[in-house]
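What follows is a single structure, written as structure tokens, with notes after it.
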Amino acid sequence: NGVSSPIGRTQTAPTGIVDELAFAVASCSSLYSGYFNAYRHIASRDVLNGVIHLGDYLYDYVDAEERVRVPNPEPSTPQTLEGWRDLHRNYMSDPDFRAARQQHPWLVIWDNHDLELNGGDALNGAIQAFHEYVPIRLNDTSAPDRIYRRAAFGEMLDLILLDTTLHRDGPPGDATQMLGPEQEAWLDG
């Protein structure tokens, strides 16, 4: 329809014997707390096998103590699918964040700011928007809320991405039940 997007690049994870791997690691990425120049540096690194994002890929609200880069009007906490889409689009408006996404494959797991944990339409909207804007392969397409997974990098590394947000068995902060029985059985296997 006359719209084009920039060309990105990716790479397939290596198989067999691997001599070296390099990753960038990021977490807790609040656009409202400052600028994303670290992502510009990640984008410029040609030797990376990927970017591992440990969660809080975005923030669902503006933290009162970190008001550096707040748009006007100030965004509200998303409660609908469209609200979550708007939030992802807002993050994608940052050129450094886009460059890092364009240059490297990402391995992302969500955390509490990436989702609405009170359930219902807000949670379903958060999950759907996450999948629309964050390219991850689902192990089971009938369970979009199950993103814990394994990524193999040859014989050198099995990266296990665990969901300690949606699949825990017990209240947040209960470190004894961070995985929940289904995820823990998967991990044991």
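The values are calculated or read from the model by the stated rules, or taken from the named source; none is laboratory data. Note that the coordinates shown come from a computational prediction; the quantities given were computed from them, not determined experimentally. Neighbour counts run over all protein chains shown; Cβ positions are idealised from the backbone, glycine included. Areas reflect the complete protein model, heavy atoms only, side chains present, ligands, DNA and RNA absent. Shrake-Rupley method; radii C 1.70, N 1.55, O 1.52, S 1.80 Å.
Accessible surface for the chain, divided over its residues, is 57 Å² per residue with a 1.4 Å probe.
Dividing the mean sequence gap of close Cα pairs (under 8 Å, 6+ apart) by how many residues the chain holds gives a relative contact order of 23 percent. Look at the dipole of the chain built from charges on Cβ: of His53, Ala22, Ala129, the Cα furthest out on the positive end belongs to Ala22.
Using DSSP to call loops (not H, G, I, E or B), can you name the trypsin sites (Lys or Arg not before Pro) in the stretch 116-171 whose Cβ has at most 15 other Cβ atoms within 10 angstrom?
On the way: sites: Arg137, Arg146, Arg149, Arg150, Arg168; in loops: Arg137, Arg146, Arg168.
Those that pass, being in a loop and sparsely packed, are Arg137.
Compactness check for the stretch 81-189: Cα Rg over 2.2 N^0.38 Å is 1.15. The local environment of Asn139, defined by Cβ-Cβ distances under 11 Å, has a net charge of +3 under the rule Lys, Arg +1 and Asp, Glu -1. Once each of the GluC sites (Glu not before Pro) sitting in a DSSP loop with at most 15 other beta-carbon atoms within 10 Å is removed, the chain keeps 67-154 as its longest stretch. Summarising the amide proton neighbourhood of Asp163: residues at separation of 5 or more, or on other chains, whose placed amide H is nearer than 5 Å comprise Tyr148. Per-residue ellipticity at 222 nm computed for the chain from its helices equals -8000 deg cm²/dmol, with DSSP H segments shorter than 4 residues left out and the rest contributing -39,500 (n - 2.57).
In nanometres, what is the gap between the two model label sites at Leu159 and Val70, each 7 Å from Cα along Cα-to-Cβ? According to this spin-label approximation, the distance is 3.4 nm. Carbon and sulfur atoms: what percent of the 1.4 Å accessible area of the stretch 21-173 do they account for? Taking all protein chains in place, the stretch 21-173 shows 47 percent carbon and sulfur surface. Charge dipole (Cα centre; +1 on Lys/Arg Cβ, -1 on Asp/Glu Cβ; no other charges) of the chain amounts to roughly 780 debye.
P(r) tail for the chain, what percent of Cα pairs lie past 29 Å?
Numbers: 4559 of 17766 pairs.
Roughly 26 percent, rounded to a whole number.
Note on the stretch 119-188 and the stretch 98-118: Cα centroid distance 12 Å, given to the nearest whole angstrom.
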